[in-house]
Amino acid sequence: MLRDRYGRSIEYLRLSVTDRCDLRCSYCIPKGFKGFEEPQHWLTFDEIERLVAAFGRLGTRRLRLTGGEPLLRRNLSELAGRLSSLPGIDDLSLSTNATRLAHHAADLRAAGVSRINVSLDSLDRACMQQITGRDSLGMILDGIMAGKAAGFEPIKINMVALRGVNEHQIDAMVAFCIEHQFVLRLIEAMPMGATGRDATWLDLGPVERHLRRHFGLIHQPDTLGGGPARYLATPDGRTSVGFITPMSQHFCADCNRVRLSVDGTLYLCLGQEDKVELRPLLRGGASDAELEQAIRAAIELKPEKHEFREQPGKIIRFMSQTGG
């Protein structure tokens, strides 16, 4: 098992297969941005498989495919099938905006992806167009329902709570997720890049108290997946609402993850600059033992915590450049 210098077990790798996206969410990628990674710098499927295999040998059990929007990467189902069969990887999931999921859900499920997280910040068409820069709601809902039909379970809906933008729509999203038995996760916006700093994050503490009263939600002691969310459940236990609070109540002491960007850069923390470039090793003839040693050395660099509150202007890269 990989352990960092603070005793945390690192068992979760979030793998970005592209930094491109077909949406321009107001807290993520700025409109008109063109500074994406050149395709020749992307890790190939063979390079990705080799790195993930190394992480698997070192104790990584959970793998999530992310972006950008991962479904923009061609033949993603093929890659998912290769990764799901690797020794040690027993949980393969996907984060997506779902605009293309209706066309890929069945193939991804057959390839071994078991769970999906879908970004959906509002059920109001105009609000979604404001946030994402496109008339995207219909495509996203079609994708979610295609995922449900394909057998993904659970389906988690990720809603970034933005003060003055969609906070008044949280109740409607909870009701929607209860109706369809989706897991809702409310997320505080982080100051990643200029767009993230411009987003007015919403403290989820008062929201949690309101939802307890309004929907009768109760504490849920069990975690769902390998993430940092704290969960409440409906009284019948069929639906959960999670709260991811990097701003008001950070969870750094329990962080179990690292992120690998599309160009092979291993980021040790969303809110710090600590990173190790693995692509030069892959393309320079490094052995499997040398790759594993580089990963172990990188984990030693993982910082104790982020500083989003103390230094909100510190991270200039956008979320899509790091990997979701």
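Would you check if Ser261 is hydroxyl-bearing (Ser, Thr, Tyr), open to solvent by 20 Å² or more (accessible area, probe 1.4 Å) and in contact with a helix residue (DSSP H, G or I) (Cβ under 7 Å, 6 or more places away or on another chain)?
Against the criterion (hydroxyl-bearing (Ser, Thr, Tyr), open to solvent by 20 Å² or more (accessible area, probe 1.4 Å) and in contact with a helix residue (DSSP H, G or I) (Cβ under 7 Å, 6 or more places away or on another chain)), Ser261 does not qualify.
Conditions: (1) outside any helix (DSSP H, G or I); (2) over 30 Å from Trp201 (Cβ atoms); (3) open to solvent by 10 Å² or more (accessible area, probe 1.4 Å). Leu92 meets all but one. Number of the miss?
(3)
Could you grab me the full set of residues in the range 293-324 that are at pLDDT 70 or above and of a type in the set (D, E, K, R)?
Arg296, Glu300, Lys302, Glu304, Lys305
Wholly within the range 137-240, which helices (runs of 4 or more DSSP H) include no fewer than the required count, namely at least 3 residues that are in contact with a helix residue (DSSP H, G or I) (Cβ under 7 Å, 6 or more places away or on another chain)?
Result: 137-150, 170-180, 204-215.
Could you give me the residue pairs with C-beta distances under 6 Å whose first residue belongs to the range 24-45 and is farther than 26 Å from Ser136 by Cα, whose second residue is modelled with pLDDT of 85 or more wherever it lies, and which are 6+ apart or on separate chains?
Here the result reads His41/Asp263; Trp42/Val262; Leu43/Gly264; Phe45/Leu79, each pair linking the range 24-45 to a residue that is modelled with pLDDT of 85 or more.
Quick check on Glu37: is it charged (D, E, K, R) and part of a helix (DSSP H, G or I)?
Spelling it out, it is not the case that Glu37 is charged (D, E, K, R) and part of a helix (DSSP H, G or I).
How many of the residues making up the range 28-49 are of a type in the set (Val, Ile, Thr) and under 17 Å from Leu86 (Cα atoms)?
Residues in the range 28-49 being of a type in the set (Val, Ile, Thr) and under 17 Å from Leu86 (Cα atoms): 2 in total.
Among (1) open to solvent by less than 50 Å² (accessible area, probe 1.4 Å); (2) in contact (Cβ under 8 Å) with a residue 40 or more places away in the chain, where does Ser114 come up short?
(2)
Among Leu137, Leu72, which is under 22 Å from Arg20 (Cβ atoms), in contact (Cβ under 8 Å) with a residue 24 or more places away in the chain and not small (Gly, Ala, Ser)?
The match here is Leu72.
The values are calculated or read from the model by the stated rules, or taken from the named source; none is laboratory data. Since the model is a prediction, treat every value here as computed from it, not as a measurement. Because the Cβ atoms are built from the backbone with ideal geometry, glycine has one as well, and the counts that use them run over all protein chains shown. Ligands, DNA and RNA are stripped out before the accessible areas are found, and what is left, the full protein with its side chains, is counted by its heavy atoms. Shrake-Rupley method; radii C 1.70, N 1.55, O 1.52, S 1.80 Å.
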